[in-house]
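Peer 1: One structure follows; several queries about it will come next.
The values are calculated or read from the model by the stated rules, or taken from the named source; none is laboratory data. Remember, predicted model here, so these are calculated numbers, not experimental data. Heads up, the Cβs are rebuilt from the backbone with ideal geometry, glycines too, and the neighbour counts pull from every protein chain shown. Note: areas computed on protein heavy atoms with side chains; ligands, DNA, RNA excluded. Shrake-Rupley method; radii C 1.70, N 1.55, O 1.52, S 1.80 Å.
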Amino acid sequence: MNTDICSCEISLSDRDALDAWNGVVLGVLSHGQVTGEHLTRLISLAPDFAMGHAMKGLACLMLGRNEMVAPAHAANLEAQRALKLGGATRRERLWCEALQNWLDRKPSQSIARMEETLVLNRADTISMKLSHGIRFMLGDNFGMLRSVERVLDAHGAEHPLFGYVLGCRAFALEETGDYQAAERAGLQGLQYAKDDAWGLHAVAHVYDMTHQTHSGIDLIDRNADAWGHCNNFRFHVWWHKALLHLDQGEIDAVLDLYDTKVRDDRTDDYRDFSNASSLLMRLELEGVDVGDRWTELANLAESRTEDGSLTFADMHYMLALIGDTRPDAVARITLSVARNANQGGDMSDVMRAPGVGTAQGLAAFGEAQYDTAFSHLKAARPHFQSMGGSHAQRDVFERLTIEAGLRAGRLVEAETLIRARSAMRNGAEDAFAASRLAQIAELQSFSASSTAAE
């Protein structure tokens, strides 16, 4: 039996089909723009390869949009048809089970199937990457780290995919707060896989979290090979660069990156949307007039008020709707989140907490009801992690919580949250924290002076 680039047995006998599968593996690991072409070719050459259909279905579900569920079901039917023909390996059957688990609203069980494949062969890099990616969507940062650490010793420097494993390890280390180790792992990984956008972006996360803005900008500028080949993930790399410029107060650079890179291609991918809406909200919180940039996003968000596939996505749609002041659409998505919280399954659990409270808090913030917004957001905040995404992505909700507290005059509570946010960043005090702490000090000084004058 043949083996693939992960050194795993595979039922593909046709060399061209195997090359196409290896292209899919490398494309997924590198976030390559040509991944879809490899997958289409694979399915054309090997229509009875169940794992190829499972990959297609899982990829559809990872897009986090309701309209992608139907093609995922179609892929599952093809995978099940292919399995009935016999010949699939245990690994291939587990991938098909993972797809079925997610369609049954249990992506946590999909993770379990991927981990079973890693018991079969710990050098199975693509199964590790799928486990990593689904855990990322569920906010399972420590699970990401455990998963990659379990397979690390099976990926020595001689393994052709070693660099990508280091990139996943770097991101997991960063998300669990080990910033120095994350930086080392990410930079080492780039030496083995120069096109590892995930590893590069993990190091960019480190520099964002530790307020090393110049290092982050330089890293992105010096490593175009790591992200230039990417699918829409390159927009996310540009988003990181924009955050670093924002921290330096370089607003013109941020707006230019938004217009020419982050939102140059106006896709409806929720990840691209979240880049854009969270960046505009950060700018608005700094008092920047973003002009009519909200309109395009809010129009798209209006068409997504009933989507309900992913709490992370819904909350970013909410940002655009409050940013462009569309109260009717805000009300619709708030009701949709409440309904979806009772549908059952892993994603409904996240809709319930933190989804419902976050939606209510954002809606109140959009209505300038800051005390109510702060109460809802502060109560939801301990559950933000389960929304998925990264610390950097969820930070927009941290900022909104703090801002609501400041505008509501709940200064002591707001300061506590600012200190907690900085503590998570190894004590680094970025521009946002510094400006808000200065604001609190000024307000408290004014209050003390007024009391003394009385």
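Peer 1: Just for segment 231-285: of the residues that are part of a helix (DSSP H, G or I) and among the acidic types (Asp, Glu), which one is least open to solvent (accessible area, probe 1.4 Å)? Walk me through how you get there before you give the answer.
Peer 2: Filtering segment 231-285 down to residues part of a helix (DSSP H, G or I) leaves 233-247, 251-262, 270-285.
Add one more test, that the residue is among the acidic types (Asp, Glu), and what stays is 247, 252, 256, 259, 272, 284.
On the way: 247: 28, 252: 127, 256: 85, 259: 70, 272: 2, 284: 72 Å².
Applying the filter and picking the extreme gives 272.
Peer 1: Considering every residue within segment 331-352, establish whether at least one is open to solvent by 50 Å² or more (accessible area, probe 1.4 Å), at pLDDT below 95, of a type in the set (S, T, N, Q) and out of contact with any strand residue (DSSP E or B) (no Cβ under 8 Å at 6 or more places or on another chain).
Peer 2: Yes: one or more hits.
Peer 1: When you scan segment 205-225, do you find a residue that is modelled with pLDDT under 95, assigned to a helix (DSSP H, G or I) and farther than 27 Å from residue 399 by Cα, even just one?
Peer 2: yes
Peer 1: A further question on this structure: Has segment 423-430 got at least one residue that is surrounded by 17 or more Cβ atoms within 10 Å (Cβ to Cβ) and without any contact (Cβ under 8 Å) to a residue 24 or more places away in the chain?
Peer 2: No: segment 423-430 contains no residue that is surrounded by 17 or more Cβ atoms within 10 Å (Cβ to Cβ) and without any contact (Cβ under 8 Å) to a residue 24 or more places away in the chain.
Peer 1: From the list 67, 97, exactly one residue is more than 28 Å from residue 186 (Cβ to Cβ), among the acidic types (Asp, Glu) and touching a helix residue (DSSP H, G or I) at 6+ places or on another chain (Cβ under 9 Å). Which is it?
Peer 2: Of 67, 97, the one residue that is more than 28 Å from residue 186 (Cβ to Cβ), among the acidic types (Asp, Glu) and touching a helix residue (DSSP H, G or I) at 6+ places or on another chain (Cβ under 9 Å) is 97.
Peer 1: Please find, within segment 367-416, the residue that is nearest to residue 311 (Cα to Cα) out of those that are under 26 Å from the mean Cα position of the chain (by Cα) and outside any helix (DSSP H, G or I).
Peer 2: Here the answer is 388.
Peer 1: Taking segment 130-141, which residues are open to solvent by less than 20 Å² (accessible area, probe 1.4 Å), within 15 Å of residue 28 (Cβ to Cβ) and touching a residue at least 60 places away in the same chain (Cβ under 8 Å)?
Peer 2: 130, 133, 134, 137, listed by residue number.
Peer 1: Confirm whether residue 12 is surrounded by 21 or more Cβ atoms within 10 Å (Cβ to Cβ) and not in a helix (DSSP H, G or I). If you could, list the steps in order and put the result at the bottom.
Peer 2: Details: surrounded by 21 or more Cβ atoms within 10 Å (Cβ to Cβ): yes; not in a helix (DSSP H, G or I): yes.
Yes: the conditions hold for residue 12.
Peer 1: Name the residue, out of 71, 47, that is open to solvent by 20 Å² or more (accessible area, probe 1.4 Å) and within 29 Å of the chain's Cα centre (by Cα). Give the derivation first.
Peer 2: Details: 47 fails: within 29 Å of the chain's Cα centre (by Cα).
The unique qualifying residue is 71.
Peer 1: Restricted to segment 97-122, and to residues that are among the basic types (Lys, Arg) and over 13 Å from residue 347 (Cβ atoms), which residue is least open to solvent (accessible area, probe 1.4 Å)?
Peer 2: Filtering segment 97-122 down to residues among the basic types (Lys, Arg) leaves 105-106, 113, 122.
Applying the additional criterion that residues be over 13 Å from residue 347 (Cβ atoms) yields 113, 122.
Working: 113: 39, 122: 101 Å².
Once the filter is applied, the top-ranked residue is 113.
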